[in-house]
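J.: I am attaching a structure below and will ask some questions about it afterwards.
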Amino acid sequence: MTHTYLVPYDASDYAKKALAWAIENAKRLEANIRVINVQPSFHTAHAKTLFTKQDIEEYQTQLFNEATQGVQALLDKAGVPATLEMGVGDPKEVIVELVKASRQTDSPIDLIIMGSRGTSPFFSGILGSVSYAIINAGICPVMIIPQEKE
């Protein structure tokens with residue numbers, strides 16, 4: 001059975017480190033990689049008043065393209081089976097739903113590999129809020145690539 005890794009990606013140094021780890025291990029274990037970048041939904045009263053749905057979608061796509069610039073080339077160069085996807089909404093909810101939906105496919109997500117930002121006041125220096133929420137969701141194993149201490 002082929003394994004599938006999910007790598008949430010936001011262009012941060014931590015996400016880049018997690019993606020590099022995923023690529024290296026996917027090569028070794030012949031695993032698939034799904035990279036997801038989650039954009040905000042912009043479903044607010046002001047956004048709906050000032051912008052059309054098309055404007056918002058174009059802006060989300062622009063942000064996605066900026067955040068993932070060079071990722072597809074990196075995946076292609078690595079030669080591992082991989083997809084690059086855009087999600088829209090709350091990152092925690094999008095990731096959980098993506099993993100749940102993958103269970104109904106031939107390639108369920110076996111492992112989430114993500115970087116730790118350490119920006120939450122409760123977990124400063126250990127986990128970011130998205131990392132913490134994904135671990136607590138208990139949907140599948142999660143590997144946190146730690147930030148480097150200076």
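The values are calculated or read from the model by the stated rules, or taken from the named source; none is laboratory data. Since the structure is predicted, the reported quantities are computational estimates derived from the model, not experimental observations. Cβ sites come from the backbone with ideal geometry, for glycine too, and all protein chains shown count toward neighbours. We work out accessible area using only protein heavy atoms, side chains counted, and drop any ligands, DNA or RNA first. Shrake-Rupley method; radii C 1.70, N 1.55, O 1.52, S 1.80 Å.
J.: List the pairs whose first member sits in the range 34-59 and is at positive phi, whose second member is open to solvent by less than 70 Å² (accessible area, probe 1.4 Å), and whose Cβ atoms are under 8 Å apart, counting only residues at least 6 apart or on separate chains?
T.: 42/56; 42/60
J.: Sticking with this one: Yes or no: residue 142 at pLDDT 85 or above and crowded, with 16+ Cβ neighbours inside 10 Å?
T.: Considered against the rule, which asks whether it is at pLDDT 85 or above and crowded, with 16+ Cβ neighbours inside 10 Å, residue 142 comes out as yes.
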